[in-house]
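Data first, discussion second: the structure below is written as structure tokens.
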Amino acid sequence: MNRKFDNVLVTGGAGFIGSNFIRWLLGEGGFEGRIVNLDALTYAGNPESLDDVAKAAGGRYVFVKGDIRDRKAVEKVFADYAIDAVVHFAAESHVDRSIHGPEDFVSTNVMGTFTLLDVARTVWKGRDDVLFHHVSTDEVFGSLGESGYFTESTPYDPRSPYSASKASSDHLVSAYHHTYGLPVTVTNCSNNYGPYQFPEKLIPVMILNMIEGKPLPVYGDGKNIRDWLYVEDHNAAVWTVMARGRVGETYNIGGENEWENIRLLDRLMELVAEETGKSVEEYRKLITYVKDRPGHDRRYAIDCSKLKGELGWKQSLDFDEGLRRTVKWYLGNPRWIERVRSGEYRKWMETNYAGR
């Protein structure tokens, strides 16, 4: 089985993972069809991330500004571009913001997903040569103890408004498959990192705070554990599932690369120091321990043996090399950083954000 698509709708394609997916698919991924990027351009969306891709791809890349909750806008995209596959990245995704303002997360992540699913069901009308791929997170599974891994059969146990909204959308996707026969696949991934990530997440926040001499906020004791996955490896996995995964199935995507937050920060300080010529000790003085956030999951770790065994995917990049590439990218792209951090969100970050 190797599905072929002509017109792929990528939702949230101006965001971190979505823009990297489009970049990868039109490059290394070898996709020869057309990609339609539907993005509402909220604070984390930046179409400039794909300026070079748009020029190179010509008519094979189309950007449409629109909200996934707007049914008429979604219907128009399906009609205008004969969409035969959806890759659904668009979501509100920052846990701290979901704690401060959960309504946007329910509206976008649940109702937005519903709108996309229902338009796809209506337009495709029982076709089996189409696919709705839903991109989700390991956070829907809750928190792990010191041992064990999340598998595709792990019961859902979301602990934040963000993860609850994603869990809800996962269930909607599954329901549309079982109720209406909509061809779907779902992936749940571990923490992504790499270029073009909006600086509200741990790695870009720490890199940029170091070079700006700002505090390095660490939640609790800094020993929360995350499984880190380079964004290009994630995107290759998503496309592998879309091309060859079993319809109706969920596949976990993991980096198999667990790090305590404080250990990761230590390595980031070393890499930034190498690039800037400053001492690690100078950066270490910036570490500031802050009160842990409510419902903070202690450990995530994914078992991705199903994906590896069934579809032959594997990670391609060593974590240290991935971190090094990421550090170099953020240090080398100040204009992109300045533009995405401008405006009201910067004010919110300065007063509310304490790292992830």
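The values are calculated or read from the model by the stated rules, or taken from the named source; none is laboratory data. Remember, it's a predicted structure, so these values are computed and weren't measured experimentally. In this analysis, Cβ positions are derived from the backbone assuming ideal geometry, glycine residues included, and neighbour counts consider all displayed protein chains.
Side notes on the structure shown:
- Among residues of the range 202-245, those that are of a type in the set (D, E, K, R) and surrounded by fewer than 20 Cβ atoms within 10 Å (Cβ to Cβ), counted: 5
- Residue satisfying all of: in the range 126-146; among the charged types (D, E, K, R) and crowded, with 21+ Cβ neighbours inside 10 Å; nearest to TYR251 (Cα to Cα) among these: ASP138
- The set of residues from the range 216-258 being modelled with pLDDT under 95 and over 14 Å from SER190 (Cβ atoms) comprises PRO217, VAL218, TYR219, GLY220, ASP221, GLY222, LYS223.
- Residue check, SER49 in contact (Cβ under 8 Å) with a residue 24 or more places away in the chain and more than 14 Å from SER165 (Cα to Cα): yes
- If you go through the range 298-326 and pick out every residue that is in contact with a strand residue (DSSP E or B) (Cβ under 9 Å, 6 or more places away or on another chain) and either assigned to a strand (DSSP E or B) or farther than 20 Å from GLY194 by Cβ (or both), you end up with 8.
- Candidate set: the range 288-317, residues that are over 30 Å from VAL241 (Cβ atoms) and touching a helix residue (DSSP H, G or I) at 6+ places or on another chain (Cβ under 7 Å); chosen: the one surrounded by the fewest Cβ atoms within 10 Å (Cβ to Cβ): PRO294
- Failed item, numbered, when GLY248 is tested on (1) touching a His at 6+ places or on another chain (Cβ under 9 Å); (2) surrounded by 21 or more Cβ atoms within 10 Å (Cβ to Cβ); (3) not hydroxyl-bearing (Ser, Thr, Tyr): (2)
- Any chance ASN192 is touching an Asp or Glu at 6+ places or on another chain (Cβ under 6 Å), touching a residue at least 24 places away in the same chain (Cβ under 8 Å) and assigned to a strand (DSSP E or B): no
- Checking each residue of the range 191-199 against the condition of being buried (at least 19 other Cβ atoms within 10 Å of the Cβ), modelled with pLDDT under 95, farther than 26 Å from PHE78 by Cβ and touching a strand residue (DSSP E or B) at 6+ places or on another chain (Cβ under 6 Å) gives at least one match.
- Close pairs (6 angstrom Cβ cut-off, 6 or more residues apart or separate chains): farther than 24 Å from ASP84 by Cβ and surrounded by fewer than 20 Cβ atoms within 10 Å (Cβ to Cβ) in the range 98-116, among the charged types (D, E, K, R) and at pLDDT below 90 anywhere: ASP104/GLU92
- Test: residue in the range 149-163 that is crowded, with 18+ Cβ neighbours inside 10 Å, of a type in the set (Ser, Thr, Tyr) and out of contact with any helix residue (DSSP H, G or I) (no Cβ under 7 Å at 6 or more places or on another chain): yes
- When VAL95, VAL86, VAL130, VAL77 are checked against the criterion of being under 20 Å from ILE22 (Cα atoms) and either of a type in the set (Phe, Trp, Tyr) or touching a His at 6+ places or on another chain (Cβ under 9 Å) (or both), a single residue qualifies: VAL86.
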